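Engineer: Sharing a structure here in structure tokens format.
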Amino acid sequence: MNDEWVKVRKGSSAQAHEIRPLISFRRTSFGFNSYFVKHADLTKFRFVTIYVQPAHYKLGFKFHNDKTDQDAYTQLKSHSIQVGRLFTKFAWLRAVSQLEDERARRFEPLKNPDGLWEIQVCPAFETVVSDKSKIPSSTTGIYRYRRGKEVVYIGRGNIKDRTLAQERRDWEFDKIEYSITEDEPEQRKWETYWLDQFFKDHARLPLYNRIKGAQDKSQKS
């Protein structure tokens, strides 16, 4: 019997209280909240063209009325655009669209010098393997271990090397999920982000993060 308390997360009504521009990932579409529609005067535009920076997990949106742009998406009256094929093409976008927590799928756009409304998307462990030998040896980024449906560890660094570390030989997990990023400050940023998200949901850290943390403290004492 599991006696652990789990925090109840508020549903979609929480978005109504947001007084900042937001772009939301849905299962097959992007949605623009009313604050963003007003802030960027989106009702003037019929189309939007999307740009990507996959290596940095960034998206850019250019709103316009150029009907000759064959790559543009039609902006619906509901202030959303259907992008199912885009999610099929880019696994890192699809992974975000499938996150259970709606708040983790909402991002604040900022207008950059090129005139694009840009969002920084969270890397969401889009690559999944059950055999560690299938991970390229040079792959770096953030990763997590799953045992069944349970996340038992979240980490960063060289993903294959860390999996083969001696101190992890007795760890039990059957799946490795990861996102590639070579920049170490970005790795630290997103590792912290996902550990914080886990703690908000469970009021604790993943199993092996807690064990590792306790070991580190004992070594310092």
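Engineer: Kindly indicate which of Asp41, Asp69 is at pLDDT 95 or above, more than 21 Å from the chain's Cα centre (by Cα) and at positive phi. If you could, list the steps in order and put the result at the bottom.
Structural biologist: Working: Asp69 fails: at positive phi.
Residue meeting the stated conditions: Asp41.
Engineer: Here is a follow-up. Output the residue which, of all residues in the stretch 118-145 that are among the polar types (S, T, N, Q) and under 15 Å from Leu93 (Cβ atoms), is surrounded by the fewest Cβ atoms within 10 Å (Cβ to Cβ).
Structural biologist: We begin by selecting, within the stretch 118-145, every residue among the polar types (S, T, N, Q); these are 120, 127, 130, 133, 137-140.
Filter once more, so that each one left must be under 15 Å from Leu93 (Cβ atoms): 120, 127.
Details: Gln120: 13, Thr127: 19.
Per the criteria, the residue is Gln120.
The values are calculated or read from the model by the stated rules, or taken from the named source; none is laboratory data. As the structure is a computational prediction, the values presented were derived from the model and not from experiment. Reconstructed Cβ throughout: ideal geometry from the backbone, glycine too, with neighbour counts over all protein chains shown.
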